[in-house]
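The values are calculated or read from the model by the stated rules, or taken from the named source; none is laboratory data. Being a predicted model, the structure only gives us computed values, none of them experimental. Don't worry about glycine lacking a Cβ; one is built from the backbone with ideal geometry, like all the others, and counts go over all protein chains shown.
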Amino acid sequence: MKRLVLPLLSFFMLGCGDDPLPKPKAYLRLEYPEAKYKNASIPLPFSFEKNKLAESIDSVKTSHNSIGIDIKYPSLKATIFLTYKKIEDDNLNNLLRDAQNLTQEHTIKADEISYDQFENTEKDVYGMLYQIGGNAASQSQFYVTDSINHFVRGSLYFNVKPNYDSIYPASEYLKKDIKRIMETIRWKN
């Protein structure tokens, strides 16, 4: 009987506990440094402020009236690509159409595309910022122009396979940098 009581007593004492619960889902918390901006010194027909987190700006001449600029964020595995084009021969409508078409190419993978208009009449800067939701290759596209001489188109790309949930925090952080670029563009004469 003693042999039976001790195992039964142990079974009831150890077996009568709270039911095991699954662990709650955890989310990765990414924190980025507070953005500190400085004027980007580039020998181009415009200037702007860039985040100090951007480690380099590479400029590549792509044609007689077009210059490519890469603003690289190695710690975020991201690059903001800018393309400057001089407005010539009344080609503004073509440049605007091309910028909108390049954004629309992401509709295949995008869940949504929203946009914000930008206007600074004092500095003659007008533009549009497109936010692309979903697993699209680019999360942000934008353009700014003075409507007479200058046109700048930009896009944000990550150097990783698009996974919206994973790159969302970095995308939101860089969206602020893109807005800052748009707000601080100054055309040079």
- Query: Taking into account only those residues within the range 71-120 that are at pLDDT 90 or above, under 14 Å from the mean Cα position of the chain (by Cα) and among the aromatic types (F, W, Y), which is nearest to Y168 (Cα to Cα)?
  - Reply: Y73
- Task: Consider D146 carefully, then state whether it is free of Cβ contacts under 8 Å to residues at least 12 places away in the same chain and either of a type outside the set (S, T, Y) or in contact with an Asp or Glu (Cβ under 9 Å, 6 or more places away or on another chain) (or both).
- Result: no
- Task: For residues that are part of a strand (DSSP E or B) and of a type in the set (S, T, N, Q), scanning just the range 116-136, find the one that is farthest from K86 (Cα to Cα).
- Result: Q131
- Message: If I filter the range 54-67 down to residues being part of a strand (DSSP E or B) and loosely packed, with under 15 Cβ neighbours inside 10 Å, which single residue comes out as modelled with the highest pLDDT?
- Response: S66
- Message: Would you confirm, using the coordinates I've provided, whether T103 is hydroxyl-bearing (S, T, Y), touching a residue at least 12 places away in the same chain (Cβ under 8 Å), surrounded by 13 or more Cβ atoms within 10 Å (Cβ to Cβ) and part of a strand (DSSP E or B)?
- Response: no
- Item | Residue, nearest to the chain's Cα centre (by Cα), within the range 155-189, restricted to residues that are among the β-branched types (V, I, T) and closer than 18 Å to K50 by Cβ | I178
- Note on the structure: The one condition Q139 fails out of (1) at pLDDT below 90; (2) not in a strand (DSSP E or B) is (2)
- Message: Between K179, K161, K123, which is surrounded by fewer than 16 Cβ atoms within 10 Å (Cβ to Cβ), at pLDDT 95 or above and on the phi < 0 side of the Ramachandran plot?
- Response: K179
- Unmet requirement for T83, which otherwise passes all of (1) more than 16 Å from M182 (Cα to Cα); (2) crowded, with 17+ Cβ neighbours inside 10 Å; (3) among the polar types (S, T, N, Q): (1)
